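Scroll down for the structure; my scribbles are underneath it.
The values are calculated or read from the model by the stated rules, or taken from the named source; none is laboratory data. Keep in mind that what you see is a predicted model, and the values were worked out from it rather than measured. We place every Cβ from the backbone using ideal geometry, glycine too, and count neighbours over all the protein chains shown. To get the accessible areas, we keep the full protein, side chains included, count just its heavy atoms, and leave off ligands, DNA and RNA. Shrake-Rupley method; radii C 1.70, N 1.55, O 1.52, S 1.80 Å.
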Amino acid sequence: VDEVDGVAASNPGIPIANPDAEILRLENLARDGLQPRIIGLKSLFVADPGQVGTGALVMRVPASLQAPHQVVFQKRNRFYTRHSKGKAEMDVNELRQAFTGAEGVLPRLRQLQGMLPRLSAIPLVEGPSLLVSIAPIGLFRRQSNLELSGFNDALIPTWASSGLDYAQTLEGLLVWSPSRAGATSQAMTYRSGWVEVWTRQGSSSSDEHWVWASRVENDLFEAVSATLDKLEKHGVEGPWLVQAKLLDVKDY
């Protein structure tokens, strides 16, 4: 791909007789030449319709919780960083920041969990509930400001008893299922590129006190699946960190 000042200008492509074999060769090099290995590396050959036998080889490298990764190919044992003009070997300060930054990703993501109950002004139905947060590992490595204007742009709660309503907030788009006693489910799609879902759990009968495992499991899987589908349409990609909490389950 030809570039001008860091921007793709044309795609003359490269001649590859066997794209599958070339992809296998490069992925084997990445697997054997990096420590620790990068999980989720994906490759695709895009053929040039105007010239048979040429095309572009696209390799997508996901965010990693194990960064930085060391190059051990041909006994090099080095760490590299990329910038607008190419790559360079990392110095001591860059290595220190890379290691400490990777260690801080999980605690920072965990601190996000529980924002929905604090931000929402919609009263919640009392009783047991499930709170799920789904965030990409690269949340703090990129700046996102998702365009959220309606139902099609945001996550719909996994369980709705009587219709839906939504409201724009400074943080994102809040969608909930209203009832006389308060919301039975809520979902906040944050403009920064992650989602939090709250759903009522437990028996609806006043003389029974049960939280059904199958219901919790179903709501959890639905929330994760729907979030990945919705955020990927906004260009937000994984790997993902999923956190789940059961709230107010005492005596159930």
In sequence order, what are the phi-derived ³J(HN,Hα) couplings for the stretch 142-157 according to the Karplus relation 6.51 cos²θ - 1.76 cosθ + 1.60 with θ = phi - 60°, rounded to whole Hz, with x for glycine and proline? 9, 9, 10, 9, 5, 7, 10, 10, x, 3, 5, 9, 10, 6, 8, x
Where Rh denotes the Kirkwood radius from the mean inverse Cα pair distance, what is Rg over Rh for the stretch 1-81? 1.03
Of 1-13, 54-66, ordering from highest average Cβ density within 10 Å down gives 54-66, 1-13
At 222 nm, what helix-only mean residue ellipticity would the chain give, in deg cm²/dmol to the nearest 500, using -39500 (n - 2.57) for each DSSP H run of four or more? -8000 deg cm²/dmol
Filtered hits (aspartates and glutamates, Cα-Cα < 16 Å from Lys233, offset >= 8 within chain) -> Glu147, Asp153
When the distances between all Cα atoms of the stretch 106-150 are binned every 10 Å from zero, what whole-number percent does each bin get? 18, 43, 32, 7
Two decimals is fine: what's Rg over Rh for the stretch 133-252, C-alpha atoms, Kirkwood radius as Rh? 1.00
Less than 15 Å apart at the alpha-carbon level, and either on another chain or at least 8 residues along: which aspartates and glutamates does that give for Lys85? Asp2, Glu3, Asp5
For Leu241, the residues 5 or more places away or on another chain with a placed amide H closer than 5 Å to its own amide H are Ala135, Ile137
How far is helix 19-33 tilted off the main Cα axis of the chain, in degrees rounded to 10, range 0 to 90? 80
Using a Gaussian network for the chain with springs between C-alpha atoms less than 10 Å apart, which of these wobbles most: Gly150, Gly86, Gly235? Gly86
What lysines sit close enough to Lys87 to cross-link, taking a C-alpha to C-alpha distance under 24 Å and skipping anything fewer than 8 places away on the same chain? Lys42, Lys75
What number does the stretch 16-133 give for Rg over Rh if you use C-alpha atoms and the Kirkwood radius? 1.16
Just the ratio, please: alpha-carbon radius of gyration of the stretch 59-199 over 2.2 N^0.38 Å, N its number of residues. 1.40
What list of ³J(HN,Hα) values in whole Hz, one per residue of the stretch 246-252 in order, does the Karplus curve 6.51 cos²θ - 1.76 cosθ + 1.60 (θ = phi - 60°) give from phi, with Gly and Pro shown as x? 9, 10, 6, 9, 4, 6, 9
Equivalent-ellipsoid semi-axes (√(5λ), Cα gyration tensor) for the chain, whole Å, largest first? 43, 22, 18
At a 1.4 Å probe, what is the % contribution of carbon and sulfur to the accessible area of the chain? 53
Karplus-derived 3J(HN,Hα) from phi for the stretch 86-93 (6.51 cos²θ - 1.76 cosθ + 1.60, θ = phi - 60°), whole Hz, x at Gly and Pro, runs x, 10, 8, 6, 6, 8, 4, 5
